[in-house]
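Trainee: Below is a structure I'd like to ask you about.
Nothing in this text is a laboratory measurement; each read-out follows from the coordinates by a stated rule. Quick caveat: nothing in here was measured; it's all calculated off a predicted structure. No Cβ is skipped: glycine too gets one built from the backbone with ideal geometry, and neighbour counts run over all protein chains shown.
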Amino acid sequence: MIGTALFTLLSHWRRHPGQFAMLVLGLALATALWSGVQAINAQARAAYATAAATLGQDRLDRLQSPDGRPVPLAEYVALRRAGYLVSPVISGELRAGDARLRLLGIDPLTAPPEANTPTLGDAGLDLTGFFTAPGLLLMTQDTATAALPPDLPPIRVTDTIPPGAALADIGTASRLLGQSDPSYLLVAPVQPAHLPLLATATTLQRVAPEQRADPAQLTDSFHLNLTAFGLLAFAVGLFIVHAAIGLAFEQRRATIRTLRALGLPLRSLLTAFGLELAVLGLVSGLAGLILGYAIAAALMPGVAGTLRGLYGADLPGTLSFDPAWAGAALVMTLAGVAIAAAQAMGRTARLPILATARPEAWGQASARLMRGQAMVAVVLLAASGALALWGGALITGFGAVACLFLGAALLLPVTLTALLRLAQRRARGPLGEWLLADTRQQMPGLSLALMALLLALSANIGVSTMVGSFRATFVGWLDQRLVAELYVTAPTPAEAARLHAYLAPRTDAVLPVVWADATLAGRPGAVYGQADHATFRDHWPLIAALPDAWDRLATGDGVLINEQLARFARLSPGDALTIAPGVSLPILGVYSDYGNPQAQAIVTLDRFAAIHPDIAPTRFALRIAPDRAAGLASILRDDFGLPADAVINQTQIKRFSVDVFDQTFQITGALNLLTLGVAGFALLTGLVTLADMRLAQLAPVWALGITRARLARFEWARSLILAGLTFALALPVGLALAWMLLAVINVQAFGWRLPMQVFPIDAARLLGLALIAATLAAALPALRLARISPSRLLKVFAHEA
Amino acid sequence: MKPSLYAALLWLIAGQATAQGFAGLGTEAAGFSIPQSPAIFDFPADHGPHPGYRIEWWYLTASLTGPDGTDYGAQWTLFRSALAPHDAQGWDGSQLWMGHAGLTTPDRHFSAERLARGGIGQAGVTAEPFAAWIDDWAMTSTAPAGADALDALRVTARGDGFAHDLALTTTGPLIFHGQAGYSVKSAQGQASYYYSQPFYSLSGTITLNDGVIPVTGTAWLDREWSSQPLSETQDGWDWVSLQFDDGARLMGFTLRDRAAPSFTAATWIAPDGQSQSYRDGALSMTPLAQSRVAGRDVPTTWRIELPDRALDVTASAINPHSWMDVSVPYWEGPVRVTGTHPGRGYLEMTGYE
């Protein structure tokens, strides 16, 4: 019996292929965006895990020089000869043009088992080849097919190496990188008994895995952002599905009543309904998965670029397929269908068998319901404000955004109705008045679609305002801060001294840059030594400072810290900061330091030398007349033999930084546009749904002599009015969102706050897009109305009779 | 299961008992020197490494006695394995080094392994002054000027749960096996250079978790190098070095062959240092009892016969579980000898799967 019922229910879709397409497409879109974002996140997390597990980095301590320079080979051998189980790693980057390859040279002879040296493919490995010149490079297929520097040793493909990296014998890495001293030493967790503590045997710094910056932690906020976008898209998609299922329910009232009258038990009917939805959910979910995979694959290179630029986290630029991901996405889709269909199912269950089959205007909201909605909305908006102002965590930041969205969406129908009522009072002529009254009448049916549009529009405004503000601030900051004409790096301290002597008479100023890793307020970070020079005094913007901060800094009597450190550790000028064991200095000022995920503190060169007497500067910022910069750069490269990337001019750094920035937000732009597309589609489904039901309202107007073409134009105008009004409401919501992103979420996620700027041209462009979306959405129902056969309109009266 | 790089590496320098012979010792020797007869030695240089040959070892076994009469055994070994028949400094060195240390008590056995590459100073051997080392393990000559470098040695090693520090002295001569140090290993003629210093007496300490124990005893040092000492079908060997109570010594081994009868060789060493080598077939080694060790059956009691010397003895493991749990595992431990020539010694068995 259920089979027959199911067949009867399904026949509806055969008669309404457009509706069927709408339902499937809505579900597929919702699934696609959600699953696409999830696929990207999963891929990224897998990449972090691989990277973290490489050489047991997630478990093994390291010994490294406090200044980040290599560990002298003799020191490594001395530690081994003293009995300590340490293993050397030479790591570095090979670059040629755009091609880059991170090289990890290991010594498998001494690597602790925890280092988990990678597994080899079935092709096997010629081990003599691995150990003897020219050596072998192990890398993933993706890395091997990407642009690589020239003249590499033979490559073997294996799957457990982080993307963009190659694993080689330490001898091979030493040859390729021209470095024989280990970059750091891995420390076996268990050392031989009866040995003095390792700390007493070496001055090298021992760093535990948790003290090192973990890309998974750093990138958390980025992925949370993506997830939020995915959920938003999913919610918008569900509006479409809800509209489609609601419409199908209305149109099948007669069928349902007949089936029940013929003796079909309610339980069987609901089972048939459920089966139908499950089948539809599965089919659309699968379509959505394919689409989602395509979206993710298209966005992946951009995401990889972003994460590399922002956090230095390496990701493969291509996507792999994970069945668990697909399963999770399908479950999500089915759950979404269940939520979207709950209302229709509930009504079916309550439908009296003998009630008339006449479709009532669907979803007529009573004034009381509206008032209830408005009250909930106000509470949500208040909660949003409270969370934003007093939340103080990333998750409460997102909570504030969620409350803002939900509150604004719920408030939308109430506000629109009020606005339309207001407009109606001022309307001239009966037609205008009818148009506005009729629009208001449609509100309940369209409110869900309009909410979706509101969300998409305000997300768009908010995110683009955030990105625009960020970009403007960032570029301005780069201009201010990158004032030196040339930046030069010497390969060794001895070379650096020679370079300094050479440069001093040939430039206006040689400003050494020297730094050491440090733990600042419990976080991994770096302490910089900086010369006292007008270059810094004039150009480094301090966002908070004590009086005479620069003068006091010059006396060695304090530190400047970056905004990230100030915010994370809740430090402000006047507080004390410990920058080395036993060295605590007052904080004189806070500078902005966009794009740097780590804590940073600046002291004078003298103070730095007192703390780290063994670290000599190898990097210099040079002040020189801009027209002489290029000449000096080529002299340094050609005559001084510095590698090309050791001499960088200001323009190069700026271009690189801005490129990284733009790539970072490419994905945001793409997701914005996709969400808007989905919202436009939701509007279309809403309008189509209403179109069939509204004949009863349109027929009298037609009978009064208004042509079908004119009625169609009214339909179109109504859609534009609603879209325009929604946009007007989306504008403040979007700006509120932008404020939350800049002042709450950015601060929590990245540690910096940005001044908000408004971009009216972008907003105007978005209004245009919204109107285009509304036009497109209204086009199909309007066209159908223009071409409707008069007999159908006449039938409306016949049925009344 | 895919081999990890780590395991695969060990496969390379040591191999496994496969078609390639135990420890990869049956593989081709392209570019490497091959031992020639007659053997001509040049000391002290030949105490040092021979990079032109593929494999080489400095192999010390010691039978020890504690203050309460308890038997102990100690092992200190440094293997050299060359990837190419030359040496180089820095990371480009083509010499790989593997150290094994063992310590046996009647009821416990400890083993440890260290790996290193040559060229950076982490491991190596120098002939003058003689020193062999890997990490903090060392075998260093303490011989007075003019004496053979191997006449006095200090040997130290440390592993998980044990350590030993032994001072060795001898006045006996070096003993050359086979044809004056040219030791044939199969009927096809594979051979190695092989000499020993079997006359050490020693004193020193061993350290276990429960404390330091002073020990005295005897020790035997083997020096051997070659490029392809096993034939392809030889899977492993059983080797003994025995010190009899009357002061005589015996070195004997059986190379087990999948495709042919076992190949045996022996050297009889009189108390005065006179030695006589025996060709294939003169010595017979017969397993008398097996022990279940590390999941395999290993013969830990042997009947050893050398009819030419009217020798018929039984060698029994002091601890049947003297299993060297290293990347290429094998059995190595002290034995008690009973029969026509009572005494003690060391037993090594490889290639038991």
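Trainee: Along Cα→Cβ, 7 Å out, is where each label goes; now give me the distance between the ones at A:Leu394 and B:Thr171 in nm to one decimal.
Mentor: 7.8
Trainee: For peptide B:112-119, compute the average count of partner chain beta-carbon atoms within 10 Å of each residue's beta-carbon. Before the final figure, lay out the partial values.
Mentor: Values: counts 1, 0, 5, 5, 5, 8, 0, 1.
If you average over the peptide's residues, the count of other-chain Cβ atoms is 3.
Trainee: Across the residues of A:605-614, average count of Cβ atoms on other protein chains within 10 Å? Don't skip to the end; give the middle numbers.
Mentor: Numbers: counts 0, 0, 0, 0, 0, 0, 0, 0, 0, 0.
That works out to 0 on average.
Trainee: Stretch A:Ile290-A:Leu695 to full length: gain in nm at 0.36 nm per residue minus the Cα-Cα span?
Mentor: Numbers: separation 405, 0.36 × 405 = 145.80 nm, distance 3.81 nm.
Answer, rounded to one decimal: 142.0 nm.
Trainee: Let me ask something additional. Mind jotting down a quarter of the surface of the convex hull over the alpha carbons of segment B:5-349, in square nanometres, one decimal? The partial results should precede the final answer.
Mentor: Values: hull surface 65.7 nm².
Averaging across all directions leaves 16.4 nm² for the Cα convex hull.
Trainee: Separate question: If R0 is 56 Å, what FRET efficiency do you get for A:Ile339 and A:Leu546 from their C-beta distance, rounded to 0.05? Walk me through the intermediate numbers first.
Mentor: Numbers: r = 56 Å, r/R0 = 0.99.
For R0 = 56 Å, the calculated efficiency reads 0.50.
Trainee: Take the alpha carbon atoms of segment A:563-633, find their center, do the same for segment A:469-517, and report the distance between the two centers in whole angstrom.
Mentor: When both Cα centres are located, 13 Å separates them.
Trainee: Taking 45 Å as R0, compute the FRET efficiency from the Cβ-Cβ separation of A:Ile761 and A:Ala554 and round it to 0.05. The partial results should precede the final answer.
Mentor: Numbers: r = 45 Å, r/R0 = 0.99.
Calculated value: 0.50.
Trainee: Now for a separate question. Among B:Gln228, B:Gln197, B:Gln36, which one shows the highest mean-square fluctuation when chain B is modelled as a Gaussian network with alpha-carbon springs under 10 Å?
Mentor: So, out of B:Gln228, B:Gln197, B:Gln36, the one fluctuating most is B:Gln36.
Trainee: Rounded to the nearest 5, what % of the DSSP beta bridges within segment A:485-592 are antiparallel ones?
Mentor: 80
Trainee: Suppose the chain between A:Arg628 and A:Arg45 were pulled fully straight at 0.36 nm per residue; how much longer would it get relative to their current alpha carbon spacing? Please list the in-between numbers first.
Mentor: Details: separation 583, 0.36 × 583 = 209.88 nm, distance 4.69 nm.
Extending this stretch completely gives an extra 205.2 nm.
Trainee: Note down the relative contact order for segment A:58-211 as a percent, whole number, built from C-alpha pairs under 8 angstrom at least six residues apart.
Mentor: Values: 302 pairs, mean separation 63.4, N = 154.
With pairs under 8 Å counted, the relative contact order is 41 percent.
Trainee: Treat each spin label as a single point 7 Å out from the Cα along the C-beta direction, and report the A:Leu10 to B:Arg154 distance in nm.
Mentor: 9.0
Trainee: For segment B:101-108, take each phi angle, set θ = phi - 60°, evaluate the Karplus expression 6.51 cos²θ - 1.76 cosθ + 1.60, and give the result in whole Hz per residue in order, putting x for glycine and proline.
Mentor: Per residue, the Karplus-derived 3J(HN,Hα) values read 10, x, 9, 10, 10, x, 10, 9 Hz.
Trainee: Also: Below 8 Å between Cα atoms, with a sequence gap of 6+, how large is the relative contact order for segment A:486-624 in percent? List each step's numbers first, then the result.
Mentor: Working: 272 pairs, mean separation 54.9, N = 139.
Answer for segment A:486-624 is 40 percent.
Trainee: Here's a follow-up. To the nearest 0.05, how large is the calculated FRET efficiency for A:Arg570 and A:Arg537 if R₀ is 22 Å and r is the Cβ-Cβ distance? Could you put the intermediate results ahead of the total?
Mentor: On the way: r = 27 Å, r/R0 = 1.22.
Working from the Cβ atoms, E equals 0.25.
Trainee: Continuing with this model, one more query. Please compute the length gained on full extension between A:Arg347 and A:Thr492, using 0.36 nm multiplied by the number of residues separating them and subtracting their Cα-Cα distance.
Mentor: Values: separation 145, 0.36 × 145 = 52.20 nm, distance 7.83 nm.
Stretched out fully, the A:Arg347 to A:Thr492 stretch lengthens by 44.4 nm.
Trainee: While we're on this one: Starting from the Cα of B:Thr142, step 7 Å toward the Cβ, then list every residue of segment B:197-239 with an amide N under 20 Å from that point.
Mentor: Output list for this probe position: B:197-208, B:212-222.
Trainee: List B:Glu128, B:Glu56, B:Glu113, A:Glu433 from most exposed to least, where exposure is judged by having the fewest other Cβ atoms within 10 Å.
Mentor: B:Glu128, A:Glu433, B:Glu113, B:Glu56
Trainee: Neighbouring Cβ atoms within 10 Å as the yardstick, rank A:Ser35, B:Ser63 fewest first. Spell out each step's value before the answer.
Mentor: Details: A:Ser35 29, B:Ser63 26.
Ordered from fewest to most neighbouring Cβ atoms within 10 Å, A:Ser35, B:Ser63 come out as B:Ser63, A:Ser35.
Trainee: Moving on to the next point. Taking neighbour Cβ counts within 10 Å as the exposure measure, how do B:Thr104, A:Thr132, B:Thr142 sort from fewest upward? If you can, show how the numbers build up before the last one.
Mentor: Working: B:Thr104 28, A:Thr132 19, B:Thr142 15.
Starting with the residue having the fewest Cβ neighbours, the order is B:Thr142, A:Thr132, B:Thr104.
Trainee: Right, another one. Given axes a ≥ b ≥ c from the Cα gyration tensor, I'd like to know whether the protein assembly as shown is rounded (a/c under 1.5), prolate (a/b larger than b/c) or oblate.
Mentor: Values: a/c = 3.36, a/b = 1.94, b/c = 1.73.
Since a/c reaches 1.5 and a/b is larger than b/c, the shape of the protein assembly as shown is classed as prolate.
Trainee: Which whole-number percent gives the relative contact order of chain B, counting Cα pairs below 8 Å spaced six or more residues apart?
Mentor: Values: 980 pairs, mean separation 57.4, N = 353.
In percent, rounded to a whole number, it is 16.
Trainee: How many percent of the alpha carbon pairs in segment A:58-211 exceed a separation of 23 Å?
Mentor: On the way: 4509 of 11781 pairs.
When all Cα pairs of segment A:58-211 are counted, 38 percent exceed 23 Å.
Trainee: Using each residue's phi in segment A:287-293, evaluate 6.51 cos²θ - 1.76 cosθ + 1.60 at θ = phi - 60° and report the 3J(HN,Hα) Karplus result to the nearest Hz, with x for Gly and Pro.
Mentor: Couplings: 4, x, 4, 4, 4, x, 5 Hz.
Trainee: Rounded to the nearest 500 deg cm²/dmol, what is the calculated helix-only ellipticity per residue at 222 nm for the protein assembly as shown, with -39500 (n - 2.57) per DSSP H run of length n ≥ 4? List each step's numbers first, then the result.
Mentor: Working: 28 runs with 497 residues, N = 1154.
Computed ellipticity for the protein assembly as shown at 222 nm equals -14500 deg cm²/dmol.
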